[in-house]
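The values are calculated or read from the model by the stated rules, or taken from the named source; none is laboratory data. Model, not experiment: these values are computed from the prediction. For neighbour counting, all protein chains shown are included, and Cβ atoms are generated from backbone atoms with ideal geometry for every residue, glycine included. Just so you know, the surface numbers come from the protein's heavy atoms only, side chains and all, with ligands and any DNA or RNA stripped out. Shrake-Rupley method; radii C 1.70, N 1.55, O 1.52, S 1.80 Å.
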Amino acid sequence: MDQSARGVLFDVDGTLVDTNYLHAVSWWEALRQGGHTVPTARIHRAIGMGSDKLLDHLLDADRDREADDELRAAHLTLYTTYWERLRPLPGAAELLRTCAGRGLRVVLASSASKKELGVLRRALDADDVISAATSKSDAGASKPDPDILAVAMAESGLSADRAVMVGDSVWDVLAAERAGLRCIGLTCGGTNAAELREAGAVETYDDPAELCEKLDRSAIAKLTG
């Protein structure tokens, strides 16, 4: 671990790329095809969890778990139809570049699969400033467990006291807390500021653009003194 390194861990879905509602609709249709009726609003509130935890959260514990793989495959098939149209959220690339320009390591810590993360990175178009990136395949458990964040910090040489997390869901905030990280919440994923703060977010902003605009007053600025 590099004791002098400072950095920012970013969730990607709903934080940097506008995907949360696409995931929600894709899960709604996949669940419908599997014979499950789940309100879209309830699905949206579960976005940010890994798919294993999401299904446990949304469906009965006594369900036929052998069908879970089919539900995940259906969701992925539906979601891939949007891949070529994915767009970054306002100010996403600018925020990453500004953090890197201040000497901070920029790290992506996502619950997406490795292939999905590659698609998200193409949408962001900021690979030149990304120091490291982890996906669900790099960790044993998905968010809100802290495993992905722990791997991201290890790969980027960061420690929890020299890093900050940026995420859009309560699951990001909870994972950060369990990893010993302060978390900045963004409401662009569809979770309001009050819920993010109640979960433990130290600050909230509308989107990456607002955080970038107010960076000098944020928890990120404190990393650089």
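Please give, to one decimal in nm, the separation of the simple spin-label points placed at Ser137 and Lys222, each 7 Å out from Cα toward the Cβ.
Between Ser137 and Lys222, the simple spin-label model gives 3.7 nm.
Rounded to the nearest 0.05, what FRET efficiency do Ala154 and Tyr21 have when you use their Cβ-Cβ distance and R0 = 41 Å?
0.80
By average Cβ neighbour count within 10 Å, what is the ranking of 95-103, 23-31 from highest down?
23-31, 95-103
Roughly how many whole Å is it from the C-alpha centroid of the range 156-225 to that of the range 31-79?
The range 156-225 and the range 31-79 have Cα centres spaced 27 Å from each other.
Would you kindly give the portion of the calculated P(r) for the range 128-225 that falls above 16 Å, as a percent of all Cα pairs? Walk me through the intermediate numbers first.
Working: 2656 of 4753 pairs.
Beyond 16 Å sits 56 percent of the P(r) for the range 128-225.
Roughly how big is the range 116-214's charge dipole about its Cα centre, with Cβ charges of +1 (Lys, Arg) and -1 (Asp, Glu), in debye to the nearest 20? Before the final figure, lay out the partial values.
Details: 9 positive and 19 negative charges, 47 e Å.
The calculated dipole for the range 116-214 is roughly 220 debye.
Taking R0 as 45 Å, what FRET efficiency do you get between Asp62 and Asp128 from their Cβ-Cβ distance, rounded to the nearest 0.05? Kindly include the intermediate steps, with their values, before the conclusion.
Details: r = 49 Å, r/R0 = 1.09.
Working from the Cβ atoms, E equals 0.35.
Considering only the chain, what is the antiparallel percent among its DSSP beta bridges, to the nearest 5?
Numbers: 1 of 22 bridges.
The answer is about 5 percent antiparallel.
I'd like the carbon and sulfur percentage of the solvent accessible area for the chain, probe radius 1.4 Å, heavy atoms only, ligands and nucleic acids excluded. Could you put the intermediate results ahead of the total?
Details: 4660 of 9950 Å².
Whole-percent figure for carbon plus sulfur exposure: 47.
How much area per residue is accessible in the chain when the probe is 1.4 Å and only protein heavy atoms are counted (Å²)?
On the way: 9950 Å² over 225 residues.
Roughly 44 Å² per residue, with all protein chains present.
How far, in nm, would the chain grow between Glu94 and Arg197 when pulled straight, counting 0.36 nm per residue and subtracting the alpha carbon separation? All intermediate terms of the calculation are to be shown ahead of the outcome.
Details: separation 103, 0.36 × 103 = 37.08 nm, distance 2.47 nm.
34.6 nm is the gain from fully extending Glu94 to Arg197.
Dipole of the chain, Cα-centred, from +1 at each Lys and Arg C-beta and -1 at each Asp and Glu C-beta, to the nearest 20 debye? Please report the intermediate quantities before stating the final value.
Details: 26 positive and 36 negative charges, 97 e Å.
For the chain, the charge dipole is close to 460 debye.
Round to the nearest 10 and give me the degree value, 0 to 90, for the angle of helix 20-33's Cα axis relative to the longest principal axis of the chain.
The helix 20-33 is inclined about 20 degrees to the chain.
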